[in-house]
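What follows is a single structure, written as structure tokens, with notes after it.
The values are calculated or read from the model by the stated rules, or taken from the named source; none is laboratory data. None of these values were measured; they are calculated from a predicted model. Don't worry about glycine lacking a Cβ; one is built from the backbone with ideal geometry, like all the others, and counts go over all protein chains shown.
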Amino acid sequence: MLPELKIAQLRHFVWVAELRGFHAAAEKAHRTQPAISLSIRDLENKLGEELFEKRSTRAAKTELTPFGQHFMPKAKELIAHHDRIAKDMTLLSEHKTGHLRLASVPSIASRVLPDLLLRFIADAPDLHISFFDDNSDAVLKMVENQQVDFGIASLFHEQDHSDKSFTPIWEDQIGVVCPNDHPLADRPFLHWKELRSSRLIANGTSRLLEDTEARPLLGHSQFYISNMISLIAMLEAGFGVTTLPWYAMPKENTKLKFIPLKTPSVVRRIGIVQLNNKSLTPSAQALVDFILADSQQRS
């Protein structure tokens, strides 16, 4: 059976050899000299060979045996390997290293996460992050396939996702987005029936109207554009109007107007989505905790 080598004993051996004495090693280890002697003796018993030459006088400096000289670099290698692993695992548990993967709907990805992530990684410069932005369906699929640690999305029909947990974080109201020179642009709020006279462009968030009295608008839409960049470009060009949640409205856009939809009043909930039966990595859990703490401070 191979001997079970203790890292503490290896450190004691190296310190005795490098400091040329049991007393100096004991001071460095914050132990008594007899405790260090016992540690070395136990290590020698495990190895089956003596590590230090026997001396007849206490004044003589400690010298390694030939076996001890051969073992010295091996002991240092074991200690260094142990310390590297211990450091890596400590950094991983403190979310300061590793690889974090998350996916988010574009509205939160552009409006909220840049500031959050910048503050989160302030003390974790070696943490690698892969960040994907897509619509809610795609985000949920990435969570299901375990391509990401967790997702940030809306669960339109939570009863259909019993394998996932949903923690709501953000809420925003649905409104109408149109060019500044559109006839509806000066209205403080709108009724859904007022949109029937305009060319309506549907998008990925239009399904939020499915279970409301505004459902007929979905069939009235002449166009469907899934990509947010393309949708905004078409709106700015005066192609038509669309419904969007507040967070999806481009921040500081001077060409478009957001008008709250008062009838019906529809609120979108966005939150953290993760699998029920899978634990998060330390870095992912730390980010979830950071997001929750930040939202509580802002509420």
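Please indicate, with yes or no, whether at least one residue in the range 231-240 is of a type outside the set (Phe, Trp, Tyr) and more than 25 Å from Ile108 (Cα to Cα). Quick ask: steps written out before the conclusion?
So in the range 231-240, the residues of a type outside the set (Phe, Trp, Tyr) come out as 231-238, 240.
Next, only the ones that are more than 25 Å from Ile108 (Cα to Cα) stay: 238.
Checking the range 231-240: at least one residue is of a type outside the set (Phe, Trp, Tyr) and more than 25 Å from Ile108 (Cα to Cα).
Quick one: is Asp137 closer than 27 Å to Trp192 by Cβ, among the charged types (D, E, K, R) and not in a strand (DSSP E or B)? Before the answer, list the steps.
Values: closer than 27 Å to Trp192 by Cβ: yes; among the charged types (D, E, K, R): yes; not in a strand (DSSP E or B): yes.
Yes.
Which residue is farthest from Ser130 (Cα to Cα), if the candidates are limited to the range 73-102 and must be assigned to a strand (DSSP E or B) and either over 26 Å from the mean Cα position of the chain (by Cα) or not β-branched (Val, Ile, Thr) (or both)?
Looking only at the range 73-102, we keep the residues that are assigned to a strand (DSSP E or B), and these are 97-102.
Filter again for either over 26 Å from the mean Cα position of the chain (by Cα) or not β-branched (Val, Ile, Thr) (or both), leaving 98-102.
Details: Gly98: 11, His99: 7, Leu100: 6, Arg101: 5, Leu102: 7 Å.
Filtering first and then ranking leaves Gly98.
Looking at the range 103-111, is at least one residue buried (at least 16 other Cβ atoms within 10 Å of the Cβ), in contact with a Leu (Cβ under 8 Å, 6 or more places away or on another chain), in contact (Cβ under 8 Å) with a residue 60 or more places away in the chain and not aliphatic (A, V, I, L, M)? Working first, answer last.
So the first thing to find is which residues in the range 103-111 are buried (at least 16 other Cβ atoms within 10 Å of the Cβ), and the list is 103-111.
If we keep only those that are in contact with a Leu (Cβ under 8 Å, 6 or more places away or on another chain) too, we end up with 104.
Pick out the ones that are also in contact (Cβ under 8 Å) with a residue 60 or more places away in the chain and you get none.
No: zero hits.
Return yes when Lys278 is in a loop (DSSP other than H, G, I, E, B) and not hydrophobic (A, V, I, L, M, F, W, C) and no when it is not.
On the way: in a loop (DSSP other than H, G, I, E, B): yes; not hydrophobic (A, V, I, L, M, F, W, C): yes.
Here the answer is yes, as Lys278 does meet what is asked.
Of everything in the range 255-275, what is part of a strand (DSSP E or B), under 27 Å from Gly240 (Cβ atoms) and β-branched (Val, Ile, Thr)? Give them in sequence order.
Within the range 255-275, Ile259, Thr263, Val267, Ile270 qualify.
Does Ala29 meet the test of being surrounded by fewer than 19 Cβ atoms within 10 Å (Cβ to Cβ), modelled with pLDDT under 95 and in contact with a His (Cβ under 9 Å, 6 or more places away or on another chain)?
Values: surrounded by fewer than 19 Cβ atoms within 10 Å (Cβ to Cβ): yes; modelled with pLDDT under 95: yes; in contact with a His (Cβ under 9 Å, 6 or more places away or on another chain): yes.
Yes; evaluated as a whole, the condition is true for this residue.
Which of the residues spanning the range 77-96 are within 22 Å of Leu287 (Cβ to Cβ) and at pLDDT 80 or above? Working first, answer last.
From the range 77-96, those within 22 Å of Leu287 (Cβ to Cβ) are 87-96; that's our starting set.
Across the range 77-96, the qualifying residues are Lys87, Met89, Thr90.
Any idea which residue in the range 103-119 is nearest to the chain's Cα centre (by Cα), counting only those that are hydrophobic (A, V, I, L, M, F, W, C) and under 18 Å from Asp294 (Cα atoms)?
Let us first name the residues in the range 103-119 that are hydrophobic (A, V, I, L, M, F, W, C), namely 103, 105, 108-109, 112-113, 116-118.
Checking which are under 18 Å from Asp294 (Cα atoms) leaves us with 108-109, 112-113, 116-118.
Working: Ile108: 15, Ala109: 13, Val112: 14, Leu113: 11, Leu116: 11, Leu117: 9, Leu118: 12 Å.
Looking at residues that are hydrophobic (A, V, I, L, M, F, W, C) and under 18 Å from Asp294 (Cα atoms), I get Leu117.
Evaluate the following for Ile129: is it surrounded by 14 or more Cβ atoms within 10 Å (Cβ to Cβ), among the β-branched types (Val, Ile, Thr), outside the structural domain of Ala237 (by TED's automatic domain parsing) and free of Cβ contacts under 8 Å to residues at least 40 places away in the same chain?
Numbers: surrounded by 14 or more Cβ atoms within 10 Å (Cβ to Cβ): yes; among the β-branched types (Val, Ile, Thr): yes; outside the structural domain of Ala237 (by TED's automatic domain parsing): yes; free of Cβ contacts under 8 Å to residues at least 40 places away in the same chain: yes.
Here the answer is yes, as Ile129 does meet what is asked.
For the condition buried (at least 16 other Cβ atoms within 10 Å of the Cβ), farther than 30 Å from Val139 by Cα and either within 33 Å of the chain's Cα centre (by Cα) or outside the structural domain of Val139 (by TED's automatic domain parsing) (or both), what is the one hit in Leu155, Leu190, Leu209?
Values: Leu155 fails: farther than 30 Å from Val139 by Cα; Leu209 fails: farther than 30 Å from Val139 by Cα.
None of the other options fit; the residue is Leu190.
Hey, can you tell me all the residues within the range 201-230 that are closer than 25 Å to His157 by Cα, assigned to a helix (DSSP H, G or I) and of a type in the set (A, V, I, L, M)?
We begin by selecting, within the range 201-230, every residue closer than 25 Å to His157 by Cα; these are 201-221, 223-228.
In the following step, the residues that additionally are assigned to a helix (DSSP H, G or I) were identified as 206-209, 216-220, 228.
Correct list: Leu208, Leu209, Leu217, Leu218, Met228.
Only one of these conditions is not met by Met1: (1) in the same structural domain as Ile79 (by TED's automatic domain parsing); (2) out of contact with any Gly (no Cβ under 6 Å at 6 or more places or on another chain); (3) at pLDDT below 95. Which number is it?
Answer for Met1: the failing condition is (1).
Out of curiosity, is Gly68 surrounded by 15 or more Cβ atoms within 10 Å (Cβ to Cβ) and either out of contact with any helix residue (DSSP H, G or I) (no Cβ under 8 Å at 6 or more places or on another chain) or at negative phi (or both)? Before the answer, list the steps.
Working: surrounded by 15 or more Cβ atoms within 10 Å (Cβ to Cβ): yes; either out of contact with any helix residue (DSSP H, G or I) (no Cβ under 8 Å at 6 or more places or on another chain) or at negative phi (or both): yes.
Answer is yes for this residue.
Can you pull out every residue in the range 4-46 that is in a helix (DSSP H, G or I), within 18 Å of Gln69 (Cα to Cα) and either among the basic types (Lys, Arg) or out of contact with any helix residue (DSSP H, G or I) (no Cβ under 7 Å at 6 or more places or on another chain) (or both)?
The answer is Arg11, Glu18, Arg41, Glu44, Asn45, Lys46.
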